[in-house]
1. Inspect the range B:38-52 for any residue being within 10 Å of chain A (Cβ to nearest Cβ), within 30 Å of residue A:21 (Cβ to Cβ) and touching a residue at least 12 places away in the same chain (Cβ under 8 Å) and give the result as yes or no.
2. Within the range A:150-167, is there a residue that is modelled with pLDDT of 95 or more and part of a helix (DSSP H, G or I)?
3. Which residues, counting only those in the range A:60-103, are more than 18 Å from the chain's Cα centre (by Cα), of a type in the set (D, E, K, R) and not in a loop (DSSP other than H, G, I, E, B)?
4. Every residue in the range A:188-235 that is hydroxyl-bearing (Ser, Thr, Tyr) and under 23 Å from residue B:43 (Cβ atoms), please.
5. Under the condition of being more than 22 Å from residue A:258 (Cβ to Cβ) and surrounded by 21 or more Cβ atoms within 10 Å (Cβ to Cβ), which residue from the range A:78-117 is nearest to the other protein chains (Cβ to nearest Cβ)?
6. Need a quick list: helices (runs of 4 or more DSSP H) entirely within the range B:2-113 having at least 3 residues that are aromatic (Phe, Trp, Tyr).
7. With respect to residue A:249, determine if the residue is over 29 Å from residue B:59 (Cα atoms), surrounded by fewer than 21 Cβ atoms within 10 Å (Cβ to Cβ) and in contact with a Cys (Cβ under 9 Å, 6 or more places away or on another chain).
8. Within the range B:78-85, identify whether any single residue is facing chain A (nearest Cβ under 7 Å), within 24 Å of residue B:103 (Cβ to Cβ) and among the aliphatic types (A, V, I, L, M), and answer yes or no.
Amino acid sequence: MNETMTRRGALKGLAGIVGGLLAAPAAQTCKAAVQNGLATSSAPKGYDPTQHKWLMALDVNRCIGCGMCVEACKAENNVPDDHFRTWIERYVITKPAPGSGESRGETFVDSPNGGIGGFKPGLIPKEDVLKSFFVPKLCNQCESSPCSQVCPVGATFESPDGVVLVDKNYCIGCGFCIQACPYGCRFFNPVTHTADKCTMCYHRITRGLRPACVEICPSQARIFGDLMNSKPEDPIQRFISGNTTQGLKAHLGTKPRVRYAGLDDEVR
Amino acid sequence: MKMPPQIIRLVLLTVAIVCGYFTARFFLVPASFGQYGHYRGDALLEIRDREPFWAGRNTCDTCHADHVLKLSKAEHKGLSCETCHGPSKAHVENPEVQLPKLSYGQCVRCHESSPSRPAWLHQVNPLKHYTGQKCTECHVPHQPNEVPP
């Protein structure tokens, strides 16, 4: 076998490498195209995320604290025990001390098991309660979301239709986003070992269904709709035009796509 | 002017590194990256790719339009069928699958009185409100303003 390297041999080798490099991506593209064609995605085709803009609104005065939304979300999204994509908080504000001149006393907040199974009567006697109410919480789907900004691998992003999502194939489970969220809406999923959060039931809304919590809520405390494809008489448009709404922690500039009506100062 | 050999070597090395970077990038970045923004566009498809658990009121309406119509005439108009009747996907796929019978707990869960509940909601203390009788003896769940015959 001739071990010496000839000019012809070297050129042939080089051509082979270059040819291989050029052919490989073409092969990859073909493979990807074939895989796309064969993929058995149950997701209906024809949904264009750039043609929708989802918004959730919550009416604090309508929430009765039954906890059905929390259970509906758990069942819909296989949320592990002790973790929540949505939960309900009970606020109890006591009466001010007589003669103190204050408008209110202390505030107590609890959320036993996220509100699953409803709320047992509170520990504060009824006669000491100035006011009390329930507040449903979920991911605020910020348009300028701190969680996407801190993700070191680009696994979390704001989709064109206004939902903050996690790409589970890219997430490395570092937990930066869980710490960055000012609303405490993210958790580490012990089953998938990735960050997890409310997706506004992305698999439902892209099929024309309502999110599980909105579907199951018995008192219409949750209103949901597509701002790009709704008429003024649709629930979401009626709600937004007929109420003063606000996002949580507006001073952080996160621009939440989850709006609250009837919110008290104490809710953060 | 002849370029010094160490400069030529540096230039070649730089070109090799830059080429290596672009080659690696070409192979490693997924095709759908950047479709909508600085993330994988296919991630949207993957997140969509799961079956809904709750069937939804509109699905019930396709067969039980009479009940849905009756429901929509009174206070319970905003209720979804599955709020009380439970997950119905199995029943939608095979109508012979029966949904569980409803019990007292379904009514009390929302209508038990609580100081935290808003005033517009009809609330009762189950320990004092006609104890021992069934809710449905006096109230029609699909049309709460009606009294059963």
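The values are calculated or read from the model by the stated rules, or taken from the named source; none is laboratory data. In this text, all values refer to a predicted model and were calculated from it rather than measured experimentally. Note that we place each Cβ from the backbone using ideal geometry, even for glycine, and neighbour counts take in every protein chain shown.
1. Yes.
2. yes
3. A:62, A:90, listed by residue number.
4. Result: A:192, A:194, A:199, A:202, A:206.
5. Of everything passing the filter in the range A:78-117, A:92 is nearest to the other protein chains (Cβ to nearest Cβ).
6. Hits in the range B:2-113: B:5-28.
7. Taking the combined requirement at face value, the residue does not satisfy it.
8. yes
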